[in-house]
Amino acid sequence: MVAPIGGAPSGERLRFKDFLFQRLASGRCRSKVVLAWADGRQFVGEADGVTSQAGELRCSAHACVQALERVVQPEMGFELLGVKAVRAFDATVVIVSLAARQAAQASRLVGSYLTETDPPRGAALAVLNATNRLLGNFFATR
């Protein structure tokens with residue numbers, strides 16, 4: 001059997017290992033997302049943005065997209081189309097929209113994450129929720 005991209009054993013899942021978010025004195029923000037396989041290999045994504053509610057969410061979601069692309073490129077790519085926090089059911093839900101490209105096929109993905117205390121982290125996790133099934137199928141066929 002051929003090992004999946006990134007060398008993960010069959011059935012292995014990519015894990016959300018670490019998240020760092022900073023608001024800088026310059027009015028900008030910086031986000032770092034670390035994804036890992038169980039064997040310890042890590043994939044880091046980083047992004048900078050504007051310090052605002054929307055800017056912080058976008059920065060964190062983009063950092064997660066960067067980390068994911070380090071795992072799957074050049075066979076697959078992602079584009080962050082939008083990210084938004086909404087109040088629903090007495091909670092904050094972060095919703096992301098992504099475009100995924102694989103060979104000649106493109107698809108649109110939506111993911112969400114329920115958060116109360118850390119919307120930027122929720123944006124990164126919403127990206128993983130959006131891509132979870134697609135990546136599971138992708139790795140299973142490798």
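Residues in the stretch 37-55 that are in contact (Cβ under 8 Å) with a residue 24 or more places away in the chain and surrounded by 15 or more Cβ atoms within 10 Å (Cβ to Cβ): TRP37, PHE43, VAL44, GLY45, THR51, GLY55. Going through the stretch 45-83 one residue at a time, which ones are charged (D, E, K, R), in contact with a Leu (Cβ under 8 Å, 6 or more places away or on another chain) and farther than 19 Å from PHE19 by Cβ? Listed by number, the list holds a single entry, GLU79.
What are the residues in the stretch 98-121 that are among the polar types (S, T, N, Q) and either surrounded by 11 or more Cβ atoms within 10 Å (Cβ to Cβ) or in contact with an Asp or Glu (Cβ under 8 Å, 6 or more places away or on another chain) (or both), if any? Correct list: GLN102, SER112, THR115.
Give the residue, chosen from GLU75, GLU69, that is surrounded by fewer than 13 Cβ atoms within 10 Å (Cβ to Cβ) and either touching a strand residue (DSSP E or B) at 6+ places or on another chain (Cβ under 6 Å) or within 23 Å of GLU12 (Cβ to Cβ) (or both). Lay out the reasoning, then the answer.
Details: GLU69 fails: surrounded by fewer than 13 Cβ atoms within 10 Å (Cβ to Cβ).
Being surrounded by fewer than 13 Cβ atoms within 10 Å (Cβ to Cβ) and either touching a strand residue (DSSP E or B) at 6+ places or on another chain (Cβ under 6 Å) or within 23 Å of GLU12 (Cβ to Cβ) (or both) holds for just one of GLU75, GLU69, which is GLU75.
Annotation: of all residues in the stretch 80-97 being loosely packed, with under 13 Cβ neighbours inside 10 Å and at pLDDT below 95, the one that is farthest from GLY111 (Cα to Cα) is ASP90.
Each residue in the stretch 14-50 was checked for being within 27 Å of LEU135 (Cα to Cα), hydrophobic (A, V, I, L, M, F, W, C) and out of contact with any Asp or Glu (no Cβ under 8 Å at 6 or more places or on another chain), and 9 pass.
Assigned to a strand (DSSP E or B) and not aromatic (Phe, Trp, Tyr), is that true of ALA47?
Considered against the rule, which asks whether it is assigned to a strand (DSSP E or B) and not aromatic (Phe, Trp, Tyr), ALA47 comes out as yes.
Restrict the check to the stretch 50-58 and report whether at least one residue is touching a strand residue (DSSP E or B) at 6+ places or on another chain (Cβ under 9 Å), within 23 Å of ARG13 (Cβ to Cβ) and of a type in the set (D, E, K, R). No, there is no match, as no residue in the stretch 50-58 is touching a strand residue (DSSP E or B) at 6+ places or on another chain (Cβ under 9 Å), within 23 Å of ARG13 (Cβ to Cβ) and of a type in the set (D, E, K, R). Scanning the stretch 109-124 for residues that are in contact (Cβ under 8 Å) with a residue 24 or more places away in the chain and closer than 17 Å to GLU69 by Cβ yields LEU109, ALA123, ALA124. Residues that are surrounded by fewer than 19 Cβ atoms within 10 Å (Cβ to Cβ) and either among the small types (Gly, Ala, Ser) or touching a residue at least 40 places away in the same chain (Cβ under 8 Å) (or both) were ranked within the stretch 20-36; the one that is nearest to LEU125 (Cα to Cα) is ALA36.
Quick one: would you say ARG13 is of a type in the set (Lys, Arg), farther than 23 Å from ILE95 by Cα and at pLDDT below 95?
On the way: of a type in the set (Lys, Arg): yes; farther than 23 Å from ILE95 by Cα: no; at pLDDT below 95: yes.
Judged against the criteria, ARG13 is not a match.
The values are calculated or read from the model by the stated rules, or taken from the named source; none is laboratory data. These numbers come from a predicted model, not from an experiment. Every residue, glycine as well, gets a Cβ built from its backbone with ideal geometry; the counts of neighbours run over all protein chains shown.
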